[in-house]
Amino acid sequence: MEPVKIGLLGLGTVGGGTVNVLRRNAEEISRRAGRDIIVSHASARDINKPRICQTDGIQLTEDPINVVTDPEVSIVVELIGGDTLARELVLKAIANGKHVVTANKALIAKHGNEIFSAAQKKGVMVAFEAAVAGGIPIIKAIREGLAGNQIEWLAGIINGTGNFILTEMRDKQRDFDSVLAEAQRLGYAEADPTFDVEGIDAAHKLTILASIAFGIPLQFKKVYTEGISKITGEDVDYASELGFTIKHLGLSRRTEQGVELRVHPTLIPKRRLIANVDGVMNAVLVKGDAVGPTLYYGAGAGAEPTASAVVGDIVDVVRVLTSDPENRVPHLAFQPESLSDFPILPISEVETAYYLRISASDQTGVMANITRILADSGISIDSMLQKEPVADLAGSNTDSATIIIVTHTTIEKNMDEALAKINTLDAINNDVVRIRLEHLDAD
Ligand code: NDP
Ligand code: HSE
């Protein structure tokens, strides 16, 4: 049988890794797919740039349209990134009857509904395993392995760059900028690294996970998003003293009122496995009603871990090339006509616990005022630490004490209301620092 010909858009970190994996493992991949798979065409901005892969035998072009329109190409693999040119090329590939594999989470989160609908009409596949959590086959696990479950919630460390930065800062006291520069050099970071640092990349991925977990359309604009740039060493240390680790999590939970979609720094108990996921590694916890909690772990970024997911998708597409489109796994796990319009909850309606760091003048009655305000808003306290005033750098005593409060679960709007009142107390020196806290237990 003729080999299946792949047209690659992009020959950077993931594109180069994909060529290397396809070549190195060609024999085993062919035994799995039932066909030889070769990269016949590839595009890049500058085809003369040095590459991490060999390009002999590949027809190179600087115009990606040549790849998506070439009649020899059966599968277009989009590894350019961004959501403008990539969208145009993917839609053009679909219109030309090509199957598509992509690692582009921004593209799927923002334009997936349009892309899947176009693919459905044309009877072609669009596979995107590499778009979430790098090399971890989390899309396949939720879409296929957990298809018998009602998914209740999922929570994940889904940005490798952010987790790498937090780990290096905590363990080696390195500064933010130098770790970010290293993540960029290692090929982990997005073209615009604020996507990693401000949680946008994690929000793209959470959009996709929630959609396939709950059978809802992709709704990137509704994700509540906070990044890692405001996490301080002080909070990391206090959290640790209380038995927690701070991780940047994407969380989605189905409640009776709607679906929570949120990305933010989160305290989690140190004893949870996911609290010990460090460096560029990612992990996703998924709780199904039948299976209970399940955990998926692996490299979240990098050339070959991501290529592993891309090549897995290519093999899947090759295996079902001749199957009837109606009998394929649906793009978003649920049949397109069965997607639900379950609402996405605003962050004010989300239920979570909190870590509060309060800097207050060491005066009689401050603590009583704070606890009364929390109680008036229906918030109960789980634990509390009070740090006595310490000498400042010049050696003189400050009269500012630090109070750390961990609360039980409450609704965010109650906490907003309480913090607005606490922040106006005379004894409060700076706005209270609030970090959400999740126990991630099996319930
Ligand atoms: P790179 O920047 O390393 O590679 C991008 C490639 O696309 C390069 O070959 C570049 O050409 C080409 N390209 C960029 N812009 C254009 C353009 N306007 N016209 C033609 N070609 C263009 O990115 P990555 O490989 O890191 O990422 C690719 C995709 O994979 C992104 O969507 C990213 O989010 C996703 N991803 C990345 C992971 C990672 O660990 N890096 C992990 C998971 C997903 P040239 O080389 O000549 O500049
Ligand atoms: N920039 C992304 C990350 C790449 O660091 O997780 C993998 O999606």
- [ ] For residues that are open to solvent by less than 30 Å² (accessible area, probe 1.4 Å) and in a loop (DSSP other than H, G, I, E, B), tally how many sit in segment 207-230.
- [x] 6
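From the list TYR224, TYR188, pick out the single residue that is touching a residue at least 12 places away in the same chain (Cβ under 8 Å) and away from ligand 2 (no atom under 13 Å from the Cβ). So that I can check it myself, show each step before the final result.
Numbers: TYR188 fails: away from ligand 2 (no atom under 13 Å from the Cβ).
TYR224 is the lone residue from the list that is touching a residue at least 12 places away in the same chain (Cβ under 8 Å) and away from ligand 2 (no atom under 13 Å from the Cβ).
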TODO: Quickly run through segment 41-90 and pick out the residues that are assigned to a loop (DSSP other than H, G, I, E, B), surrounded by 15 or more Cβ atoms within 10 Å (Cβ to Cβ) and either in contact (Cβ under 8 Å) with a residue 60 or more places away in the chain or more than 27 Å from the chain's Cα centre (by Cα) (or both).
DONE: ARG51, ILE52, CYS53, THR55, ILE58, ASP70, VAL73, SER74, LEU79, ILE80, GLY81
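Residue-by-condition table, conditions (1) closer than 27 Å to LEU22 by Cα; (2) within 16 Å of ligand 1 (Cβ to nearest atom); (3) of a type in the set (A, V, I, L, M, F, W, C):
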| site | (1), (2), (3) |
| --- | --- |
| HIS264 | no, no, no |
| ASN276 | no, no, no |
| GLY292 | no, no, no |
| LEU295 | no, no, yes |
| ASP313 | yes, yes, no |
| ASP316 | yes, no, no |
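Which one of THR245, THR266 is closer than 24 Å to LEU166 by Cα, away from ligand 2 (no atom under 12 Å from the Cβ), open to solvent by less than 10 Å² (accessible area, probe 1.4 Å) and modelled with pLDDT of 95 or more?
Values: THR245 fails: open to solvent by less than 10 Å² (accessible area, probe 1.4 Å).
Only one candidate qualifies: THR266.
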Open item on the list: Based on this model, can you work out whether LEU60 counts as over 25 Å from ALA202 (Cβ atoms) and either out of contact with any Lys or Arg (no Cβ under 6 Å at 6 or more places or on another chain) or away from ligand 1 (no atom under 12 Å from the Cβ) (or both)?
Closed with: yes
TODO: Quick one: GLU256 ticks every box in (1) in a strand (DSSP E or B); (2) closer than 16 Å to VAL350 by Cβ except a single one, so which number is it?
DONE: (1)
- [ ] Scan segment 76-88 and give yes if some residue there is charged (D, E, K, R) and either in the same structural domain as ASP278 (by TED's automatic domain parsing) or away from ligand 1 (no atom under 12 Å from the Cβ) (or both), otherwise no.
- [x] no
Open item on the list: Can you confirm whether ASP177 is within 14 Å of ILE157 (Cβ to Cβ) and assigned to a helix (DSSP H, G or I)?
Closed with: no
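If only one of GLY12, GLY34 is on the phi > 0 side of the Ramachandran plot, of a type outside the set (Ser, Thr, Tyr), open to solvent by 10 Å² or more (accessible area, probe 1.4 Å) and in contact (Cβ under 8 Å) with a residue 40 or more places away in the chain, which one is it?
GLY34
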Task: All positions within segment 149-205 that are open to solvent by 20 Å² or more (accessible area, probe 1.4 Å) and in contact with a Phe, Trp or Tyr (Cβ under 6 Å, 6 or more places away or on another chain) - done: none
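Output yes when any residue across segment 143-158 is away from ligand 1 (no atom under 16 Å from the Cβ) and within 14 Å of the chain's Cα centre (by Cα), and no when none is.
Going through segment 143-158, the residues away from ligand 1 (no atom under 16 Å from the Cβ) turn out to be 143-155.
Applying the additional criterion that residues be within 14 Å of the chain's Cα centre (by Cα) yields 154-155.
Checked segment 143-158: at least one residue is away from ligand 1 (no atom under 16 Å from the Cβ) and within 14 Å of the chain's Cα centre (by Cα).
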TODO: Return yes or no: is ALA239 more than 16 Å from ligand 2 (Cβ to nearest atom) and buried (at least 23 other Cβ atoms within 10 Å of the Cβ)?
DONE: yes
Open item on the list: It is to be established whether one or more residues within segment 292-308 are under 21 Å from the mean Cα position of the chain (by Cα), closer than 27 Å to VAL433 by Cβ and part of a helix (DSSP H, G or I).
Closed with: no
- [ ] Would you check if there is a residue in segment 285-296 being crowded, with 19+ Cβ neighbours inside 10 Å and under 24 Å from LEU180 (Cα atoms)?
- [x] no
Open item on the list: Quick test for you: out of ALA109, ALA93, pick the one residue that is in a helix (DSSP H, G or I), more than 9 Å from ligand 1 (Cβ to nearest atom), farther than 30 Å from ALA183 by Cβ and open to solvent by less than 60 Å² (accessible area, probe 1.4 Å).
Closed with: ALA93
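In segment 334-372, which residues are among the hydroxyl-bearing types (Ser, Thr, Tyr) and in contact (Cβ under 8 Å) with a residue 40 or more places away in the chain? First the steps, then the outcome.
Restricting attention to segment 334-372, the residues satisfying the condition of being among the hydroxyl-bearing types (Ser, Thr, Tyr) are 338, 340, 348, 352, 354-355, 359, 361, 364, 371.
Within segment 334-372, SER338, SER340, SER348, THR352, TYR354, TYR355, SER359, SER361 meet the criteria.
The values are calculated or read from the model by the stated rules, or taken from the named source; none is laboratory data. As the structure is a prediction and not an experimental result, all values here were calculated from the model. Reconstructed Cβ throughout: ideal geometry from the backbone, glycine too, with neighbour counts over all protein chains shown. In case anyone asks, the SASA skips ligands and DNA or RNA and just uses the protein heavy atoms, side chains included. Shrake-Rupley method; radii C 1.70, N 1.55, O 1.52, S 1.80 Å.
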